[in-house]
Structure formats: C-alpha cells, structure tokens
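**Student:** Before we start, here is the structure in question, set down as structure tokens.
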Amino acid sequence: MKILVPVKRVVDYNVKVRVAADGSGVETQGLKMSLNPFDEIAVEEAIRLREKGVATEVVVVTIGVQAAQDILRTSMAMGADRAILVKTDDTLEPRAVANALKAIVEREQPGLVCMGKQAIDDDMNATGQILAAKLGWPQGTFASAVTVADGRIEVSREIDGGTEVVSLALPAVVTADLRLNEPRYASLPNIMKARKKPLETLEAADLGVDLASRLTVVSVAEPAERKEGIKLGNAAELVEKLKTEAKVI
Amino acid sequence: MTQIEREEMEFDVVVVGGGPAGLSAAIRLRQIAPDASICLIEKGSEIGAHIVSGAVIEPRSLEELLPDWRSLGAPLNTEVTEERMLFLTEKRAIQIPYLDRVMPHMANHGNYVVSLGEVCRWLGEQAEALGVEIYPGFAGAELFIENNRVAGVITGDMGIERDGTHGPNFTPGMILRAKQTILTEGARGSLSAHAMKRFGLRKGVDTQTYGLGIKEVWEVPKEKHRPGLVQHSFGWPLDDHTYGGAWLYHFGDNLVSYGFVTGLDYSNTYLSPFEEMQRTKLHPAFREHFEGGKRLIYGARALSEGGLQSIPRLTFPGGVLAGDSAGFLNVPKIKGTHTAMKSGMLAAEAVAEALQTECTEASSLTERVRNSWLWSELRDVRNIRPAFAKWGMKAGALYAGIDSMILRGRAPWTLHHPHADNETLRPSALCEQIDYPKPDNVLTFDRVSSVFLSATNHEENQPVHLKLRNEAIWRTVNHDVFDAPESRYCPAGVYEQEKSGENEWSLRINAQNCVHCKTCDIKDPTQNIEWCTPEGSGGPNYPVGM
C-alpha cells in the first residue's frame, strides 16, 4: 500500500508573528518557516506503518512556493520515500487545496491519505474533511492511534471527554492529532541522504482543477491586551466587584 | 556509558558556525578550490537564527569576497547618512564635535546599517549556490581527535532525556571527518576553547576580554523614521570605570536597532547590563526615537573585546580559528563583521594551501593575517580599549583621541589586559547597590517579556545545558561574597537565587530561557558555570531584522 502525506509549510511554532500594519494578515516575510507540526506527526505515522510492513511507500506532497521544497526534504530526511511539489505562488484555501490533492490522489492511487488535522497558521481544520468528501472516501479525523488490518483501518479519535474508535474501509483519509506519536529527529546522515531522494515539481495550474478562492479576509487583529490584575482585600470585596464591575453575578 | 555507534562522513573541510566568518571561509574556499567538499554546521535552527549584531558594517571584505554583491542582491540597503557620538550625563547629551577627526576609526561614511542575520542568510544562499553543504540545527559538540590532531567534529546527540538516558527518539551525533576544520563559533565558542586548551594556543598572549551586547529591534512610526541615522553614546548610565555604551540605528522599513554593550570587566556586582540597557532608553537623547513605536525582537550575545593582544595562535594540527572565535572584533570601531569575514577568507586561503600540500597544519595563516589590512587595522587601535579599562571612560576617551589623532595608532607601547573578566568583580559588601527603575512596559521591559521576543526554545526533556561544577562554591562564593551576580548579568533570566530553607539559598537554573550569549561562561567569578552545547536547533530563533 502506498501512503500519501500532504504537508504544509507554516511559520515555525517558536516564532511570534505580528499583524501587518494594514490588518490584511500577519507579516511572514523573513520568518523561520517549517513543517506544520501536525503534518510532521502524519509523516511519522506513515513511516511507522511502512516500517511495520503495512505500507510499501510513503509519498509526501505540498502545494506552495518553490521554497516549500525544504519541508519535503525534511519529510524525506525523516523517512518518506519521495516527494511532489505542486507549485503555486498563491495562497490557497482548504477547498482549493483539497481539489489539488484530489488530482494528486487520482494520479498516485494511494491506499491511505494521512495528514495533519490542521495547520498551525490558519487553524482551518478542513482540508482533510473536504478531501475525503470529494473523493467519496471514509474519514477518521483527530487520530490518536491507528491500526491497519484486512483492508480496514481502525482509528481512535480524540473527542470531547474521551476516545471514539471507528473502523474504516480503505482507501480512507486519516487526520493526525497531537498524541498520535512523537516524531523522530531527522538525523544528519538522513538529511544528507534525503538530498538525493526524488522530488518532482508540478505546476498547480497544470492540474486543471479549480483553485479559485471564495473566502475574503475582512480583517486580522491582535487579541486585546489583558488588563493587569488587582489584589482584593477580602471575599466581600470580590463579590461586590463581580456584581458591579464584571457584572457576572 | 556504553560506546555509541556513530555514522561517519568525510569532507575536505568542516566549518563550525554559520556566521559571517564561517560563511565567508566556505565561500572563499569554493572559489579557490572548487573541488573541495565543504560541510558547514550551525547550531541555530537556520542560518541567522543565532546572529546578534548592531549592525553597521563596512563593506570592504564583502567587496573582496563577492565583488558583484550589489547585483547578487546583498541586503545592504541602508547607507549611513548621519552620525553622532554622544557623551551622556543623566539629563543631557553632549555631541562630540569633528568626530571623523577625533575618532577617525569611528567614521561610518560608506558603511551600511544592516540586519546581520539577514546578511548571513544571504551569504548562506551564496555559499550553497557555490556547492557548500550547509546543515543548520546541528551543533558541534566535540572535536574529533585522532593521532593527536583534529580530524573533524562530532555533532551533538539528540533525544537524550533529562536524566541522561537515551529516550525513544535518541539519535546519536555523527562524526564529520575533515582534513581541516575551521572553527568560527563566535565569541567564547566551546570547541574553540577546547582547541585552545589542548594545543596551548593562548600561550604568550593576553587573556581574552569580553563585552555583552543586548539588543532590541523596534518598529517606529514612519514619520519618525530616519533611515541611515547612526547614534552612539557613552557616559551615563555607567560610571566612569565601566566600559560600555548604547547604539541606535535607523534602518530598513521603519526599523530601529537599539542596543547596549557593557564591558564584562565591570566590577560592581550589583550592575545589571540588562537594566542599563533598559534605562538608557529613557534618556532624552534616546527616548524620542521609541515613542509611538513597538518592540519586535530581543536578543543578546557576548563579543570579544581583547583585540590584537588577545588573539591566540590561529592554527593547530588539523584546523584553524577565525572570526570572533579568535577575537578579531575591532572594538573602537564598534565593528566585527568585516574583520570576521576577512579572517574567514584568509583562513580559507591558508586551508586551501594546506589541502593542496597535504599539510596537517595550515601554518601560512599567521603570516597571511599579519600581512593583511586586518592586522594593521587592529594594530592601530590596540591600545584604545585597554586605555578605557586602565584610566576610566573620560580619560580613556582622551587617550583614544591622542592615540588616534597624534600617534595615529603607532604608539611605541602596547597596553595589556591584566585581568580576565571573571576576576574583576568586587564583593557585594564593597559595592553600591544600583536602583534601577521598574519597567513601564511601554519603553522599558522586564527579562521575561524580553526573552519571549527572542523566540527562544529548547527541547524540554534534554539534560540541563548549564551546570554548576560545584554547588557548594556557588553558596560560599557567588551567594555569600557576590550576592548572586549571575541573576543580574544574565540577560535572559536563566539564573534566580531562591530561598531553599532557613538561611539556605540555592540557584535555580532556567536553562530553557538561555539565548546562548555565553556571559555566564565568561563572568562567573570561579568559572563554576559550565556551558555545554544543548541539542541542535535549540536557543533563540531571531528573525530577519535582527
């Protein structure tokens, strides 16, 4: 079985972003970019499935600018076998990404699509679901454990207050949650080897799918600053403040 | 511990550290020895992630290294247009007249205000285009020594748990074999220190002295931005015996680089370089530049201040030192980039010759450095920094004027550095406490909110990379005699003294906050703090702009 892992290049989780002066988005120029952490978990899981003998090949794909090949190299340094860069300079929204991925799925014919549940930049949490719907495949989202056997995949899903276990017929789409695994380090020897693994580049426009945006960003603003706390003398004072100032009781 | 099996890879040259010196060395090498295989490792998560500098740079070395740097898109975009040197009193600022005559080494005509992190990223691209293999996120943890020579480096192990055991993701470091190893780690590099010790490279030279630079980058309203303005100050808030001063540069898109360097030979244990930096922003000569602006980035790094007298032997069997690893910073000029680059280029030339002649030691480096402008530049200013240490700031400035204007750097004497920086602190009982203003969270801030802006991160389960060699010494010396100076000189709030019982104090080490400035390794009175290289990628993540 082949596993396809769609990955996204995002602003590194250590970096503090700031809102652009015109409120159109956040400043990303010159910031450190890296592999979306949830996608990293998905890559790790796919490699583990291959190491268990469940899968035979792990293919990573990203849709983005030329520089996004760095996260494909990182994924291959972790252990993915080959990579596809679907090149575009536009920022695509989940529906367009799902359209492009559907074209890649049709081309690659994977038995499983394993991807992060969401990207840490826009936190949409939608691409996996839209892709599953467009493919007409079953979906197991927020996975914290997966087992593959007899043409089916059992997915433990993280839901409010517990875990739900679903069994899906393959092919399927699985989206990775935080607890699925702890990704390995890309070791230096493996980074060196990854430079020689195959990386194919396609033009997004050549896929022949609808990549148009339908969402408009109205404004982006920083969260309001928290007011400094004050110390109160006693409980009565607190009740008084809750009544008169906070107006919550 | 059991012997770890390590993978090996062989290169002609391994460069440790992706700053201006290392990158220039790698570029120069590929230019003159296009077939040489070169591997450059950098402990930061990407090239530039650990770079802190003012920076006004002199393009001289860049001109020599990549003459068509302009068409290659080098990010030198803000030329210096206006320059001031201020002597501060608490309320006033006196501008030094005829700066280019009184302090000719300070003149910045034709220089550029840059983000050195951005310049390094660009140099990294140039190096990669020339075929240098660059691996950020990997720290050089040890020198690889074989047959009494350096034969490469061993990169750090990853995935070691807090208690030293191997975690599930343990990934052993790799041996990068090299015919020649170029150490360009910056000031107080740990492999450089090892090489200096092992091969006795500091024999017969002065001790290295250091400064601590703490920097902020601000975004200011467009109408207040004056690209190309360069302002330096000395005097207040430091006393006459403490070397240091502030810088303020307007550059880029409404950015202001502001920072403060404190000579680490300061003697008052109550001095806090961080607080000096913060309160200087409140001086009328600085304040107006920040009002209405927003602080974006924070960082800190120690720099070498010893100058010519403190430069060690540069070569050893199997490798060389360059850049601030050796101490090539020109202190009076307040610049180290062009000297670091030049020393890297010279190192590359000597190394290329050693590769060709199959010599273990690139001995021609010493001669090459002595015959270059780099040496005469540093020789001419060699007495200035020690004069400040000897006679204080005002008399030192006077001497500097005489030395440059009348003697033109050709004084028949050389002033020395009599003390290492860890020997200069006075016991707390003899020191005056300094009353620093509380942060107003508009112009001045505390350490916690500052470190936040350095985007510092360390994998949290790894062993603590800052250790006390001896806890009892911390109590009897650091606490009892000096009242925990590390809690003040550390610009990242790593060290806090805590009451652990009735009259019992202990040191809390928040190693996760560490911005890799190396000050503790330098200033601890008994050199009791051990700075080990943490897991690669750890430390600050300074963005472009720094």
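The values are calculated or read from the model by the stated rules, or taken from the named source; none is laboratory data. For clarity, every value in this text was computed on a predicted model and none was experimentally measured. Using ideal geometry, Cβ is built from the backbone for each residue, glycine included, and neighbour counts are taken over all protein chains shown. Remember, those area values only see protein heavy atoms, side chains included, never the ligands or the DNA or RNA. Shrake-Rupley method; radii C 1.70, N 1.55, O 1.52, S 1.80 Å.
**Student:** At a 1.4 Å probe radius, which order do B:281, B:390, A:247 fall into by accessible area, largest first?
**Tutor:** Descending accessible area places them as A:247, B:390, B:281.
**Student:** Under 12 Å from the 7 Å Cα→Cβ point of residue A:1, by amide nitrogen: which residues of the range A:87-120?
**Tutor:** A:110-114
**Student:** Leaving ligands, DNA and RNA out of it, report the carbon-plus-sulfur percent of the accessible area of the range A:2-244 at a 1.4 Å probe.
**Tutor:** The computed percentage sits at 50.
**Student:** For the pair residue A:206 and residue A:14, what calculated FRET efficiency results from E = 1/(1 + (r/R0)^6), where r is the Cβ-Cβ distance and R0 = 45 Å, to the nearest 0.05?
**Tutor:** So, using R0 = 45 Å, E works out to roughly 0.80.
**Student:** When the helices in chain B are scored as -39500 (n - 2.57) per DSSP H run of 4 or longer and the sum is shared across all residues, what 222 nm value do you end up with, to the nearest 500 deg cm²/dmol?
**Tutor:** -7000 deg cm²/dmol
**Student:** Per the 1.4 Å probe, what fraction of the accessible area of chain B, in percent, lies on carbon and sulfur atoms?
**Tutor:** Its accessible area is 50 percent carbon and sulfur atoms.
**Student:** Assuming a ≥ b ≥ c are the square roots of the Cα gyration tensor eigenvalues, decide whether the protein assembly as shown counts as rounded (a/c under 1.5), prolate (otherwise, with a/b larger than b/c) or oblate.
**Tutor:** Prolate is the answer for the protein assembly as shown, as a/c is 1.5 or above and a/b outweighs b/c.
**Student:** Set the Förster radius R0 to 22 Å, insert the Cβ-Cβ distance between residue B:287 and residue B:441 as r into 1/(1 + (r/R0)^6), and round the FRET efficiency to 0.05.
**Tutor:** 0.90
**Student:** Determine the dipole magnitude for chain B: charges of +1 sit on the beta-carbon of Lys and Arg, -1 on that of Asp and Glu, nothing else is charged, the reference point is the Cα centre, and the result goes in debye to the nearest 20.
**Tutor:** 1580
**Student:** Quick one: length gained pulling residue B:253 to residue B:125 fully straight, 0.36 nm per residue minus the C-alpha distance?
**Tutor:** That works out to 43.8 nm of additional length.
**Student:** Before anything else, pin down the relative contact order of the range B:421-531: Cα pairs under 8 Å, at least 6 apart, normalised by residue count, whole percent.
**Tutor:** 35
**Student:** Please compute the modelled spin-label separation between residue B:407 and residue B:163, points set 7 Å along Cα→Cβ, answer in nm with one decimal.
**Tutor:** My value for the distance between the label points is 6.1 nm.
**Student:** On to the next question. Return the calculated 222 nm mean residue ellipticity for chain A, to the nearest 500 deg cm²/dmol, obtained by summing -39500 (n - 2.57) across DSSP H runs with n ≥ 4 and dividing by the residue count.
**Tutor:** The per-residue figure over chain A is -8000 deg cm²/dmol.
**Student:** Please work out the C-alpha center-to-center distance from the range A:114-177 to the range B:177-191 and express it in whole Å.
**Tutor:** 47
**Student:** Counting only protein heavy atoms, probe 1.4 Å: which residues of the range B:173-190 lose 50 Å² or more of accessible surface in the full assembly compared with their chain by itself?
**Tutor:** Output list: B:174.
**Student:** Just list whichever of A:8/A:32; A:32/B:333; B:91/B:394; B:91/B:215; B:91/B:281 have alpha carbons separated by over 20 Å in the model shown.
**Tutor:** Over 20 Å Cα-Cα: A:32/B:333; B:91/B:215.
**Student:** Now for a separate question. What residues does the range A:28-62 have that are buried by at least 40 Å² of accessible area in the full protein assembly compared to the chain on its own, 1.4 angstrom probe?
**Tutor:** A:30, A:32
**Student:** Continuing with this model, one more query. Near residue B:197, which lysines are there with a Cα under 29 Å away, not counting those fewer than 8 places off in the same chain?
**Tutor:** Counting by Cα, and skipping residues close in sequence, residue B:197 has these lysines nearby: B:43, B:179, B:335, B:342, B:390, B:467, B:518, B:523.
**Student:** When you count, for each residue, the other Cβ atoms within 10 Å and take the mean per peptide, how do B:61-71, B:11-21, A:210-220, B:188-198 rank with the highest first?
**Tutor:** Ranking, from highest mean packing down: B:11-21, B:188-198, B:61-71, A:210-220.
**Student:** Something else now. For the range B:23-71, list whatever residues lose no less than 10 Å² of accessible surface once every protein chain is in place, relative to that chain by itself, with the probe at 1.4 Å.
**Tutor:** Output list: B:45, B:46.
**Student:** Which of the lysines could a cross-linker span from residue A:231 if the Cα-Cα distance has to be under 16 Å and same-chain partners fewer than 8 positions apart are dropped?
**Tutor:** The reachable lysines, counting only those whose Cα sits under 16 Å from residue A:231, are A:241.
**Student:** Counting other C-beta atoms within 10 Å, and keeping those with at most 13, which DSSP coil chymotrypsin sites (Phe, Trp or Tyr not before Pro) do you find in the range B:145-217?
**Tutor:** Taking the range B:145-217 and a limit of 13 other Cβ atoms within 10 Å, no loop chymotrypsin sites (Phe, Trp or Tyr not before Pro) are found.
**Student:** So how strong a dipole does the range B:126-171 carry about its Cα centre when Lys and Arg Cβ are +1 and Asp and Glu Cβ are -1, to the nearest 20 debye?
**Tutor:** 80
**Student:** From the Cα gyration tensor of the range B:412-502, with a ≥ b ≥ c the square roots of its eigenvalues, which class applies: rounded if a/c is under 1.5, or else prolate if a/b is larger than b/c, or else oblate?
**Tutor:** rounded
**Student:** Now, a different point. Between the range A:3-45 and the range B:81-101, what is the C-alpha centre distance in whole Å?
**Tutor:** 45
**Student:** Residue by residue, what Karplus-based ³J(HN,Hα) values in Hz, rounded to whole numbers, does the range B:206-217 have, using 6.51, -1.76 and 1.60 with θ = phi - 60° and x for Gly and Pro?
**Tutor:** Calculated HN-Hα couplings, in order: 5, 5, 7, 10, 9, x, 10, x, 10, 10, 10, 10 Hz.
**Student:** Would you mind working out the accessible area per residue for the protein assembly as shown, using a 1.4 Å probe, and quoting it in Å²?
**Tutor:** Value for the protein assembly as shown: 43 Å² per residue.
**Student:** To the nearest hundred square angstrom, how large is the accessible surface buried between A and B, total for both chains, probe 1.4 angstrom?
**Tutor:** 2100
**Student:** If you don't mind, another one. In nm, to one decimal, how far is the modelled label at residue B:503 from the one at residue B:379, with both set 7 Å along Cα→Cβ?
**Tutor:** The modelled label-to-label distance comes out at 6.0 nm.
**Student:** At 1.4 Å probe size, put B:308, B:176 in order of accessible surface, largest to smallest.
**Tutor:** I get B:308, B:176, largest accessible area first.
**Student:** How would you classify chain B from its alpha-carbon gyration tensor, with a ≥ b ≥ c the square roots of the eigenvalues: rounded for a/c under 1.5, else prolate if a/b is greater than b/c, otherwise oblate?
**Tutor:** It is rounded, given that a/c, with a ≥ b ≥ c, falls under 1.5.
**Student:** While we're looking at this one, here's another question. Placing unit charges on C-beta atoms (Lys and Arg positive, Asp and Glu negative, everything else neutral), compute the dipole magnitude of the protein assembly as shown about its Cα centre in debye, rounded to 20.
**Tutor:** Around 1260 debye, computed over the protein assembly as shown.
**Student:** According to a simple spin-label model (label point 7 Å from Cα along Cα-to-Cβ), what is the distance in nm between residue A:242 and residue B:469?
**Tutor:** 5.7
**Student:** Taking 0.36 nm per residue of sequence separation and subtracting the Cα-Cα distance, how much length would be gained by fully extending the chain between residue B:356 and residue B:532, in nm to one decimal?
**Tutor:** Full-extension gain reported as 59.9 nm.
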